[in-house]
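Colleague: Can you keep this structure in mind? I'll have questions shortly.
The values are calculated or read from the model by the stated rules, or taken from the named source; none is laboratory data. If you're wondering where the values come from, they're calculated on a predicted model, not measured in any experiment. All Cβ positions, glycine included, derive from the backbone under ideal geometry; neighbour counts span all protein chains shown. Quick note on the areas: whole protein, heavy atoms, side chains included, nothing else; ligands and nucleic acids left out. Shrake-Rupley method; radii C 1.70, N 1.55, O 1.52, S 1.80 Å.
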Amino acid sequence: QVQLVESGGGLVQPGGSLRLNCTFSGSLFTFFDMDWYRQAPGRQREWVADITSTWITNYADSVKGRFTISRDNTKNTVYLQMNSLESEDTAVYYCKARHYSSTYWGQGTQVTVSS
């Protein structure tokens, strides 16, 4: 069974940076496309970025130029480097793994951007 564990969240001041990590286990990581989503209080969960098994990356317009998604297949980990953070980036960030019809979610990690 695939398991995803996010880490790296926390409290950061506006303009600061954080790197989120999502560690994958239970299957062959290289086969999976990986996504980051986020959910702010009172709002629907929204897609942030993805990286495919063939290393293609895509970003939501709201984070383009500030966030970078990457993966290390030797460590079964996907990362989200977040720079120039804004208060609007405050949310719980979730990692998702997908392969054909199979989808798996992590438990989320809280990111709070506040002075």
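Colleague: In terms of the Cα gyration tensor, with a ≥ b ≥ c the square roots of its eigenvalues, is the range 57-115 rounded because a/c is under 1.5, prolate because a/b exceeds b/c, or oblate?
Modeller: Judged from the Cα gyration tensor, the range 57-115 comes out prolate (a/c at least 1.5, a/b above b/c).
Colleague: From the backbone phi of the range 15-28, what are the Karplus-calculated ³J(HN,Hα) couplings (6.51 cos²θ - 1.76 cosθ + 1.60, θ = phi - 60°) in whole Hz, Gly and Pro given as x?
Modeller: x, x, 10, 9, 10, 8, 10, 9, 9, 10, 8, x, 6, 8
Colleague: Can you tell me how the range 21-72 classifies by the Cα gyration tensor, rounded, prolate or oblate, using a/c under 1.5 as the rounded cut?
Modeller: Oblate shape, in that a/c is at least 1.5 and b/c is the bigger or equal ratio.
Colleague: Can you work out the Karplus-derived ³J(HN,Hα) for every residue in the range 74-81? Use 6.51 cos²θ - 1.76 cosθ + 1.60 with θ = phi - 60°, whole Hz, and x for glycine or proline.
Modeller: So the Karplus estimates, Gly and Pro as x, are 6, 10, 6, 9, 10, 10, 10, 8 Hz.
Colleague: Over the chain, what relative contact order in percent results from Cα pairs under 8 Å that are six or more residues apart?
Modeller: Reported as a whole number, the value is 37 percent.
Colleague: Can you list which of the chymotrypsin sites (Phe, Trp or Tyr not before Pro) found in the range 22-72 are DSSP loop residues with at most 11 other C-beta atoms within 10 Å?
Modeller: Trp55
Colleague: From the phi of every residue in the range 104-112, what ³J(HN,Hα) in whole Hz does the Karplus formula 6.51 cos²θ - 1.76 cosθ + 1.60 yield, where θ is phi - 60° and glycine or proline is x?
Modeller: 9, 10, x, 8, x, 9, 7, 10, 10
Colleague: Additional query: Suppose all protein chains stay in the model; what accessible area per residue would a 1.4 Å probe give for the range 23-105, in Å²?
Modeller: Averaged over the residues of the range 23-105, the accessible area is 53 Å².
Colleague: Report the accessible area of Ile56, computed with a 1.4 Å probe over the heavy atoms of all protein chains in place, in Å² rounded to the nearest 10.
Modeller: So the heavy atoms of Ile56 present about 90 Å² to solvent.
Colleague: I want to check the label-to-label distance for Ser62 and Thr23. Put each point 7 Å from Cα in the C-beta direction and report it in nm to one decimal.
Modeller: Output for this residue pair reads 2.9 nm.
Colleague: Within a Cβ distance under 10 Å of Ile56, other residues only, what is the Lys/Arg minus Asp/Glu net charge?
Modeller: Once positives and negatives cancel, what remains is -2.
Colleague: Also: Of the heavy-atom accessible surface of the chain (probe 1.4 angstrom), what whole percent is carbon and sulfur?
Modeller: For the chain, the apolar C and S fraction of the accessible surface comes to 47 percent.
Colleague: So for the chain, what are the equivalent ellipsoid semi-axes in whole Å, largest first, each being the square root of 5 times an eigenvalue of the Cα gyration tensor?
Modeller: In descending order the semi-axes read 23, 14, 13 Å.
Colleague: Run the numbers for Trp105 and Ala40: contour at 0.36 nm per residue of separation, minus the present Cα-Cα distance, in nm.
Modeller: Length gained between Trp105 and Ala40: 21.7 nm.
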